[in-house]
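Colleague: Let me give you the structure first, and then I'll get to my questions.
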Amino acid sequence: MKQLRRFNVILVIFVLVFAAAKDSSAVFNISVSPYEGGYDLRFGKVSAVGPRINKEVVVNINSDIGKQYQLVQRLLEPLTNAQGISLSQNNFFVYALRGTNKYGTLAVEQEVPVFLGRTILYTSNSSGLPDSFNLVYNLKGPFDVPAGSYRGRIAFTLEPIDAMQEQVTVILNIFAEIEIESSIEIKTITGSRTINLNSSREDTSSADALIEIKGGLGRSFRILQELSQPLISQEGEELTYEAVNFLIGEAEKGSGPVQLSPLSLRREVIYSSGPRGEPDSFVITYALGDLSQAKAGRYKTNIKYFLEETIPAQINLIDTYDLEVEIERIFNISVETELGSGIIAFQNLKPGESPKSYEVAIQIKSNVGKQYQVTQNVLSELVNKDGQIILQKYFTLRTEGVDTKGIIKFPQKAEVKKGDTALFISDKKGSPDSFKVIYELTCPSDVRAGDYSTSVVYSLSEI
């Protein structure tokens, strides 16, 4: 009986040792190799405007662990040149060739971008049988990068599902030589990356950008522009779109808007090529428009330029430029009098004659956005050359609106007083405005005949 028990113990130990030996010799590996041979995925020379370049990769998976598994792709390093400039994920894609596998499920039968995150390429059947399949990687333009050599790395990780087996990773190096046979370049006349407009002078109220289409794209295309956001000042004020307009000129092969059009947050067509997409160049002019509602300040935004192609249908960013608009501070008053000066004069007065009037037109221009007032300073009484004075009670004024938004202070007649008197207060927004001041003199019966005058100073001030 003791010998039988000893045999059972030995048998159990033998089974455990055998099982351990079996686990340590389990097959679970992967190989990834270019279909054309070699160890690296080499695209060779890739034209920026040519057809996409496809390269095939053969994946072989060996497994006898009897458990389901999956294959995951990660882009360790995007295709990057020596200066650190990388291709966009919109240039690098992968898909699996349908029918090249036997048992499992291909997860990328439709083209997807190759990106830094995890992409499940394949999931085995529930038994985890070995399998193989082909992947196709493709590069396609246009490329928003300089010409030159680009290198990257892709990791393929074989992961068990619900099993203790360790995952396995292999790495595939990728190489490409980007050739820019054609390109679209945008530059300002000054060479700056900012398009500057300034209302202070006529020569700065517009600015040009030159767009050059080099080499030709071989098919029709359009160039679009779009504001990233409205023109906004540091104070949070926003310009209307009519404040800046644009048009194009000097295009020979294509066409664009030749009448001034306001900017917009929409993607707008600024150039349409001919059917063959020939090389061309044109000037896009930005000009200040209606600033009547604009407040003084510096306004900023970005203009993005896009290339839109129909075959294949795609839109890609060409470049981005800053747009800055400087609205000069305006805060001034203009006074129009009958004599064209700051002197109010009544000539050839005679005792007891009918009243005489003198009209002054006042216009205020302001984009400061603050409430203001207009004040008059009467420097003296009405006096003649001999120093004879007309009493204040005979000299009156009243203010009269002319499509006026603000408040006129003297809608009824009032005596003209020496010194400062507020004539007008603007609306809360400090809008531009205008009004009239009508002075009237009633000739007393004892006045000495002759010419009488006084000097008046009109001033504009914020409240």
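Only the coordinates and a few stated rules stand behind these numbers; no lab work does. These figures come from a predicted structure and were not determined experimentally. Reconstructed Cβ throughout: ideal geometry from the backbone, glycine too, with neighbour counts over all protein chains shown.
Colleague: Consider all pairwise Cα distances in the stretch 324-422 and report the whole-number % of them above 17 Å.
Modeller: In whole percent, the long-distance tail amounts to 63.
Colleague: Charges only on Cβ, +1 for Lys and Arg, -1 for Asp and Glu: so what's the dipole of the chain about the Cα centre, in debye to the nearest 20?
Modeller: Computed about the Cα centre, the dipole is about 1720 debye.
Colleague: Just round it to a whole percent: the fraction of Cα-Cα distances in the stretch 191-243 exceeding 19 Å.
Modeller: The proportion of pairs with Cα distances above 19 Å equals 52 percent.
Colleague: Based on Cβ point charges of +1 for Lys and Arg and -1 for Asp and Glu, what charge dipole magnitude is obtained for the stretch 331-462 about its Cα centre, in debye rounded to the nearest 20?
Modeller: With only Lys, Arg, Asp and Glu charged at Cβ, the dipole is about 320 debye.
Colleague: Now for a separate question. For Lys370, list the lysines whose Cα falls under 16 Å from its own Cα; do not include residues on the same chain fewer than 8 positions away.
Modeller: Within the straight-line limit of under 16 Å, Lys370 reaches these lysines: Lys295, Lys405, Lys428, Lys429.
Colleague: Taking N as the number of residues in the stretch 173-280, what is its alpha-carbon radius of gyration divided by 2.2 N^0.38 Å?
Modeller: Rg over 2.2 N^0.38 Å, computed on Cα atoms: 1.30.
Colleague: Please enumerate, by chain and number, the lysines with C-alpha under 22 Å from the C-alpha of Lys55, excluding those fewer than 8 residues away in the same chain.
Modeller: Answer for Lys55, where 22 Å is the Cα cut-off: Lys45, Lys102, Lys140, listed by chain and number.
Colleague: Can I ask one more? Quick one: Kirkwood hydrodynamic radius for the chain, alpha-carbon pairs, angstrom, one decimal?
Modeller: 30.2 Å
Colleague: Identify, among Gln371, Ser357, Phe435, the residue whose Cα sits farthest towards the positive end of the charge dipole of the stretch 331-462, taking +1 on the Cβ of Lys and Arg and -1 on the Cβ of Asp and Glu, with the dipole about the Cα centre.
Modeller: Gln371
Colleague: Rounded to whole Å and sorted largest first, list the principal axis extents of the Cα atoms in the stretch 80-144.
Modeller: That gives 47, 19, 15 Å along the principal axes, largest extent first.
Colleague: Where does the charge balance sit around Thr310 when Lys and Arg score +1, Asp and Glu -1, over other residues with C-beta under 11 Å from its C-beta?
Modeller: So the surrounding residues net to 0.
Colleague: Let me ask something else about it. Evaluate 2.2 N^0.38 Å with N set to the residue count of the stretch 25-179, then give the Cα radius of gyration divided by it.
Modeller: Against the compact-globule rule of thumb, the ratio is 1.08.
Colleague: Take the Cα radius of gyration of the stretch 366-463 and divide it by 2.2 N^0.38 Å, with N its residue count; two decimals is plenty.
Modeller: Ratio of Cα Rg to 2.2 N^0.38 Å: 1.24.
Colleague: Let me have the relative contact order for the stretch 331-462, percent, based on Cα pairs under 8 Å that are six or more residues apart.
Modeller: Value for the stretch 331-462: 42 percent.
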